[in-house]
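The values are calculated or read from the model by the stated rules, or taken from the named source; none is laboratory data. Just so it is clear, the model here is predicted, and its values are computed rather than measured. All Cβ positions, even for glycine, are placed from backbone atoms using ideal geometry, and neighbour counts span all protein chains on display.
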Amino acid sequence: MTATGQPHDLILRGARVIDPSQNLDRVTDVRFTGGKIAAVGDQLPPGPATEVRDLRGKIVTPGLIDLHTHVYWGGTSIGVDAVALARTSATATFVDAGTAGPGNFPGFRKHVIEPALPVRILPLLNLSFAGIFAFSGTVMVGECEDLRLLDLNECVRVAREHADLVVGIKVRVGRGASGKSGIAPMDMALEVAEATGLPLMAHLDHPPPSRLDVMSRLRKGDILTHCFRPFPNAPARPGGGVWPEVLAARERGVIFDIGHGAGSCGFATSRAMLAAGFKPDVISSDVHILSVDGPAYDLLQTLAKFHALGMSLPEVVACGTTNAAQAIRRPDLGTLKVGSVGEASIFEVLPEPTEYKDVVGEVITGAHRFVAHGLVLDGKWWT
């Protein structure tokens with residue numbers, strides 16, 4: 001509310017507005033009133049107390065949603081500060097990809113998620129009781145290696161108790177994450193996802209298990225993260241094209257998420273997949289303690305990489321807004337439709353040659369640089 005008791009009124013003037021949820025891509029204005037989207041149109045008239053921001057030359061999109069992050073900052077070794085990242089990447093919503101498990105989720109909520117508001121953190125609950133508890137440059141222990149840490153009843157209980165926040169279940173499998181437990185944690189996580197009615201996000205690193213083991217189990221609406229990972233367990237065939245189990249998963253409605261991170265997105269794989277006509281559904285950063293200073297950095301820079309690889313600006317925006325909102329079943333987010341949550345991301349796309357590096361060290365040069373300019377949260381210009 002303003003000092004006069006009226007709802008706060010804000011107009012973003014003259015930016016290129018890209019909202020894939022409405023097939024909108026043109027220069028226009030966006031108005032926020034009382035924490036909601038109030039109007040999208042040309043030359044919207046201000047009232048006597050309206051705050052007007054001249055954003056000519058900038059890009060305005062629905063609030064960016066990073067579908068794969070690790071932001072249990074201060075409570076885990078993997079976590080980074082979501083509020084600091086929001087400022088530098090114009091990201092409104094951070095989906096935490098299973099940093100916390102049933103044993104430490106209440107602390108994550110009380111000490112990180114709630115104080116971060118209006119920056120939104122929506123968590124996926126890790127199957128492991130302790131979450132991702134040992135992840136650093138010197139200590140690395142997979143949370144699914146020991147099946148004694150996987151209590152399905154506890155996971156279901158905590159997911160239900162915090163149903164207002166939890167948007168899915170997370171499991172990590174592979175040689176690094178599940179070790180000798182193999183595919184068993186995935187089957188257990190699917191049972192939890194079925195019991196709670198939530199989607200499952202699956203991480204796959206080096207085999208075992210294999211790409212086929214994981215792909216064949218995923219259901220419609222489940223999320224495969226690290227979907228363009230380099231060899232081994234890459235989705236692209238060495239001679240070109242896409243493995244049949246990957247195509248079958250997409251046909252079933254599995255969601256393919258980039259999840260860049262420190263070891264999970266290769267340009268060679270990405271080029272092969274894009275050449276085969278297989279674009280990601282969602283682009284996310286997998287930002288954590290080992291990727292925040294490169295090679296992932298944040299969502300905005302990950303979007304810029306796929307723009308440099310040939311995806312259009314509206315396509316990458318869709319992957320970081322509308323599609324991400326659909327993946328977590330939050331249609332109120334990732335859109336500028338009138339009446340929706342009053343959020344917007346503002347950034348610049350500068351015509352400057354920029355180098356981008358993948359997780360294996362390949363460097364490409366893109367024609368543009370993405371630079372964060374601001375955020376609207378709860379209908380207000382956020383600082």
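Restricting the first residue to region 218-244 and requiring it to be within 24 Å of Ala184 (Cα to Cα), which pairs with a second residue that is crowded, with 20+ Cβ neighbours inside 10 Å and basic (Lys, Arg) meet a Cβ separation below 9 Å and a spacing of at least six or different chains? These pairs meet every condition: Thr225/Lys170; Pro235/Arg229.
Taken across region 103-117, residues that are closer than 20 Å to Asp81 by Cβ, touching an Asp or Glu at 6+ places or on another chain (Cβ under 7 Å) and not polar (S, T, N, Q) do not occur at all. Residues in region 167-182 that are crowded, with 20+ Cβ neighbours inside 10 Å and not polar (S, T, N, Q): Val167, Gly168, Ile169, Lys170, Val171, Arg172, Val173, Gly174, Ala177.
Annotation note: of Arg211, Arg217, Arg229, the sole residue that is over 24 Å from Phe129 (Cβ atoms), charged (D, E, K, R) and either surrounded by fewer than 24 Cβ atoms within 10 Å (Cβ to Cβ) or over 23 Å from the mean Cα position of the chain (by Cα) (or both) is Arg211. On the stretch given as region 75-91, residues that are more than 12 Å from Val292 (Cβ to Cβ) and out of contact with any helix residue (DSSP H, G or I) (no Cβ under 7 Å at 6 or more places or on another chain) total 4.
Out of all the residues in region 345-356, is one or more assigned by TED's automatic domain parsing to the domain that holds Asn23, surrounded by fewer than 18 Cβ atoms within 10 Å (Cβ to Cβ) and touching a Ser or Thr at 6+ places or on another chain (Cβ under 6 Å)? The answer is yes; a qualifying residue exists. Whether a residue is at pLDDT 95 or above, outside any loop (DSSP other than H, G, I, E, B) and farther than 20 Å from Arg229 by Cβ was assessed, and Val246 does not pass this test. Condition test on Ala100, is it part of a helix (DSSP H, G or I), crowded, with 17+ Cβ neighbours inside 10 Å, modelled with pLDDT of 95 or more and touching a helix residue (DSSP H, G or I) at 6+ places or on another chain (Cβ under 9 Å)? Considered against the rule, which asks whether it is part of a helix (DSSP H, G or I), crowded, with 17+ Cβ neighbours inside 10 Å, modelled with pLDDT of 95 or more and touching a helix residue (DSSP H, G or I) at 6+ places or on another chain (Cβ under 9 Å), Ala100 comes out as no. Being under 20 Å from Gly168 (Cβ atoms), assigned to a loop (DSSP other than H, G, I, E, B) and not acidic (Asp, Glu): is that true of Pro7 here? Against the criterion (under 20 Å from Gly168 (Cβ atoms), assigned to a loop (DSSP other than H, G, I, E, B) and not acidic (Asp, Glu)), Pro7 does not qualify.
The residues listed here are Ala234, Ala189, Ala276, Ala202; of these, the one that is buried (at least 17 other Cβ atoms within 10 Å of the Cβ) and either polar (S, T, N, Q) or farther than 21 Å from Cys144 by Cβ (or both) is Ala234.
Residues that are over 16 Å from Ile59 (Cβ atoms) and surrounded by 18 or more Cβ atoms within 10 Å (Cβ to Cβ) within region 6-34 comprise His8, Asp9, Leu10, Ile11, Arg31, Phe32, Thr33, listed in sequence order. Would it be correct to say that Val95 is β-branched (Val, Ile, Thr), touching a Gly at 6+ places or on another chain (Cβ under 9 Å) and in a strand (DSSP E or B)? Spelling it out, Val95 is indeed β-branched (Val, Ile, Thr), touching a Gly at 6+ places or on another chain (Cβ under 9 Å) and in a strand (DSSP E or B). For region 42-56, what are the residues that are in a loop (DSSP other than H, G, I, E, B) and over 17 Å from Val17 (Cβ atoms)? Once the filter is applied, which keeps residues that are in a loop (DSSP other than H, G, I, E, B) and over 17 Å from Val17 (Cβ atoms), region 42-56 yields Pro45, Pro46, Gly47, Pro48, Ala49, Thr50.
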